[in-house]
Amino acid sequence: MVPSRVMDRNRTYGSAVALRNWFRAHNLAACNLNVLTEDVHARRSRLLFQRAFGNEAKVGIIAIPNPDYDSSIGGVIARR
């Protein structure tokens, strides 16, 4: 995990830039990377990480379902 200073808007892009800068600061090349994210954020996350890394890396996505949302009923699961 690489810390990012972005708090409100553009957190995903800020995280991508922080990761890119960390790779550069440590003289590491990121040829390919996978981003783990919730399924509803997958496309946007891939787009923003690809924008941050440009041609330096090919970005893949691992999309996981939100545990608080049951897609079979189309609603939020109440947790107590």
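Size of the chain along its principal axes in angstrom, Cα-based, largest extent first?
47, 25, 18
Using a basic spin-label model with each label point 7 Å from the Cα along Cα→Cβ, how many nm lie between LEU28 and ASN66?
3.1
Would you work out the relative contact order for the chain, in percent, from Cα pairs under 8 angstrom that are 6 or more residues apart?
27
Read the figures in this text as sums done on the coordinates, not as results from a lab. Predicted, not measured: the structure shown is a model, and the values here were computed from it. Quick reminder, even Gly has a Cβ in these numbers, built from the backbone with ideal geometry, and neighbours come from all protein chains shown.
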